[in-house]
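Following: one structure in structure tokens, then a few remarks.
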Amino acid sequence: MDSFHLPMIIVITHLINLFCLIILIRSGIQILYDHPKLYWTDHTSDENWWIRFGKKQQPKDKLWTARDEAESPPKRTLALPAAQDFLGAGRHWHFVAAIIWTITGAVYIGFMLITGEWSRLIPTSWEVFPEAINVMGQYLTLNIPPEGATYNALQQITYALIVFVLAPLQILTGLAMSPALIGRFPKYLVLFGGRRQVARSLHFLAMIGFSLFILVHITITMGLHFYSSVGLFVSGNADMDFAKALTLFLIIAILILAFNIWATLFTLRNPIKLRSTLIKFYTPVLRFLFGGLKSNQKYSKKDISPFFRVNGYPPKTDEYQELRKNHFEDYRLKVFGMVENPLELSLKDIKSIEKQTQVTLHNCIQGWSGVAEWSGAPTREILKLCKPTKGAKYAVFHCFDVYADGYPYYSSVRTSDLKDDQTMLAYEMNGEDLPLNYGDPIRVRVENKVGYKSAKWVKAIEFTDDYSKIGRGRGGYREDTLLFNWEGSI
Ligand SMILES: Nc1nc2c(c(=O)[nH]1)N[C@H]1C(S)=C(S)[C@@H](COP(=O)(O)O)O[C@H]1N2
Ligand SMILES: [Mo]
């Protein structure tokens, strides 16, 4: 066998790549199970998925919510951390790993291009296809082709597909999950037939592709070329002293395994600490990519979804029941805190503000979506009326619904988000008064954020320079309980 050397940069990026892919796949499974259904259209219902995991069935005769559909990944899957309601934690791991993985990939490709190494990877003639079939036949008949300095045709095609097709696809489909990005640039979705759910489904299929590749790749390299592979893997030198190579190899394998066990246990035991640590790392990236993207959605009436999921049960408090019984005659939306003009707006006051109508895509952080038409008062008009003071960095929406833990729902955004053209206080959905389940009498629509920011049954808006004294201090009920990040832009 002719021996060859791999440059150290390739050895290191390969190792980081493997490490990140394991975290990405494990946290990806956790994320998937929070809404374990995949679709080809942006209308999602309990029936129109093309594949589903888990086993929960929703009742036909009474209201259920999207949170009721969340499941725990089976313990024997490799999910990180494989527990119910750890969507927030799964996402923290996923974003951190995705960022490191992308940077590593860029370094790897940059290095390949600069050094000319790419020529070993990228097929340069059509001959590669018949030749690959030939090689495939050799593998299948166990006439193992020799390993060498040039990759064989099958390796070339597979590696090139992984690096130049599957990896970019995974990044593009991942970015398509951001309501901020696709709200600002709806054309981005043209790549996926105009549908975010197509991107989500492809993101899943590409994950399966990566998983299969890893399995086959490890089987072939380790199973068929064990001695040289171990050396190549740890040092880039196939002829490295085998005892040394194997020792290093075992150390690396144990470290990766230990890290994954530690990550799982730490996530389960210290989810709050985990959140505060990991969001520090990726929040600046979210802000850089998605901060300040204004929603620019122009769906049409014919795009409206026949079924629109509900998340959050309508309020049961006496206060709310009384108001509703009286058709919200006595409802007053309180606008208070750091404002020059505190307000108490009746429904009539709100409806006297210039009415705006928009058809938009709602993206729940869990994965489902739906298109609806919303009409209401743009929040930029509310800002003109209440005049937040200089330091009023955040707008907090307080809601009527009180959860079983005794805390009412709330969410918050930057005051500047209220200037977005499509952020509004909605009082109509699809041309009718806002139905009970969707936020009667007033809900917020924040169209460049995931769904949990769009508070329903809004009671008051508070302007503040610091949300840490509200609720449990993380800026929203979902952030407090499911430990979501606060940005909500993906
Ligand atoms: N008051 C209140 N607002 C809420 C929620 C809630 O539980 N209570 N759930 C949020 C979540 S997670 C989502 S996805 C959307 C769902 O909106 P929909 O029920 O109109 O589909 O509402 C958001 N606003
Ligand atoms: Mo949601």
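Of the residues making up the range 415-468, those that are small (Gly, Ala, Ser), under 23 Å from the mean Cα position of the chain (by Cα) and not in a loop (DSSP other than H, G, I, E, B) number 1. Taking (1) more than 16 Å from ligand 2 (Cβ to nearest atom); (2) under 30 Å from Tyr299 (Cα atoms); (3) free of Cβ contacts under 8 Å to residues at least 40 places away in the same chain in turn, Trp50 satisfies each apart from (3). Contact map, the range 298-309: first residue in contact (Cβ under 8 Å) with a residue 12 or more places away in the chain and under 20 Å from Gln356 (Cβ atoms), second residue away from ligand 1 (no atom under 13 Å from the Cβ) and outside any loop (DSSP other than H, G, I, E, B), Cβ cut-off under 8 Å, separation 6 or more or different chains; pairs are Lys298/Pro186; Lys298/Val359; Tyr299/Val359; Ser300/Val359; Lys301/Val359; Asp303/Val359; Ile304/Val359.
Among residues of the range 1-14 being touching a Phe, Trp or Tyr at 6+ places or on another chain (Cβ under 8 Å) and of a type outside the set (Val, Ile, Thr), the one that is most open to solvent (accessible area, probe 1.4 Å) is His14. What number of residues within the range 187-212 satisfy the criterion of being touching a Phe, Trp or Tyr at 6+ places or on another chain (Cβ under 9 Å) and surrounded by fewer than 18 Cβ atoms within 10 Å (Cβ to Cβ)? Going through the range 187-212 one residue at a time, the tally reaches 1. Has the range 438-446 got at least one residue that is within 16 Å of ligand 2 (Cβ to nearest atom), buried (at least 24 other Cβ atoms within 10 Å of the Cβ) and at positive phi? Taking every residue of the range 438-446 in turn, at least one turns out to be within 16 Å of ligand 2 (Cβ to nearest atom), buried (at least 24 other Cβ atoms within 10 Å of the Cβ) and at positive phi. In the range 455-472, how many residues are away from ligand 1 (no atom under 13 Å from the Cβ), open to solvent by less than 10 Å² (accessible area, probe 1.4 Å) and over 18 Å from Pro388 (Cβ atoms)? So the count comes out to 0. Among the residues here, Met240 qualifies as outside any helix (DSSP H, G or I) and of a type in the set (A, V, I, L, M, F, W, C). The single residue among Ile16, Ile25, Ile12 that is at pLDDT 95 or above, within 16 Å of the chain's Cα centre (by Cα) and assigned to a helix (DSSP H, G or I) turns out to be Ile25.
The single residue among Ala89, Ala83, Ala79 that is assigned to a loop (DSSP other than H, G, I, E, B) and closer than 14 Å to Leu483 by Cα turns out to be Ala83.
For the range 447-478, taking the residues that are out of contact with any Gly (no Cβ under 6 Å at 6 or more places or on another chain) and within 12 Å of ligand 2 (Cβ to nearest atom), the one that is nearest to Ser369 (Cα to Cα) is identified as Gly451.
Conditions tested, residue by residue: (1) hydroxyl-bearing (Ser, Thr, Tyr); (2) touching a helix residue (DSSP H, G or I) at 6+ places or on another chain (Cβ under 8 Å); (3) within 30 Å of Gly183 (Cα to Cα); (4) within 16 Å of ligand 2 (Cβ to nearest atom).
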| site | (1), (2), (3), (4) |
| --- | --- |
| Leu347 | no, no, yes, no |
| Ile353 | no, yes, yes, no |
| Gly367 | no, yes, yes, yes |
| Gly370 | no, no, yes, yes |
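What about Ala395, is it more than 29 Å from Tyr33 (Cβ to Cβ) and within 16 Å of ligand 1 (Cβ to nearest atom)? Considered against the rule, which asks whether it is more than 29 Å from Tyr33 (Cβ to Cβ) and within 16 Å of ligand 1 (Cβ to nearest atom), Ala395 comes out as yes. If only residues of the range 230-244 that are without any contact (Cβ under 8 Å) to a residue 40 or more places away in the chain and closer than 20 Å to Asn17 by Cα are counted, the one that is surrounded by the fewest Cβ atoms within 10 Å (Cβ to Cβ) is Val230. Just to be sure, is Asn296 over 18 Å from Ser411 (Cβ atoms), of a type outside the set (D, E, K, R) and either surrounded by 13 or more Cβ atoms within 10 Å (Cβ to Cβ) or within 16 Å of ligand 2 (Cβ to nearest atom) (or both)? Judged against the criteria, Asn296 is a match. Kindly indicate whether any position in the range 42-59 is within 19 Å of Ala176 (Cα to Cα), within 16 Å of ligand 1 (Cβ to nearest atom) and of a type in the set (D, E, K, R). The answer is yes, given that some residue of the range 42-59 is within 19 Å of Ala176 (Cα to Cα), within 16 Å of ligand 1 (Cβ to nearest atom) and of a type in the set (D, E, K, R).
Annotation note: of Gly488, Gly475, the sole residue that is open to solvent by less than 20 Å² (accessible area, probe 1.4 Å), more than 13 Å from ligand 1 (Cβ to nearest atom) and closer than 22 Å to Asn363 by Cβ is Gly475. Considering the conditions (1) buried (at least 21 other Cβ atoms within 10 Å of the Cβ); (2) in contact with a Ser or Thr (Cβ under 9 Å, 6 or more places away or on another chain); (3) closer than 26 Å to Glu319 by Cβ, Tyr407 is excluded by exactly one of them, (1).
Among the residues of the range 133-177, the ones that are crowded, with 20+ Cβ neighbours inside 10 Å, among the small types (Gly, Ala, Ser) and more than 30 Å from Val198 (Cβ to Cβ) come to 1 in all. The set of residues in the range 131-181 that are closer than 22 Å to Phe95 by Cβ, in a helix (DSSP H, G or I) and small (Gly, Ala, Ser) comprises Ala167, Gly174, Ala180.
Within the range 387-404, which residues are in a strand (DSSP E or B) and either open to solvent by 50 Å² or more (accessible area, probe 1.4 Å) or modelled with pLDDT under 95 (or both)? Result: Val402, single match.
The values are calculated or read from the model by the stated rules, or taken from the named source; none is laboratory data. Being a predicted model, the structure only gives us computed values, none of them experimental. Virtual Cβ from ideal backbone geometry, glycine too; neighbours counted across all protein chains shown. Protein only, heavy atoms only, side chains kept; ligands, DNA and RNA dropped before computing areas. Shrake-Rupley method; radii C 1.70, N 1.55, O 1.52, S 1.80 Å.
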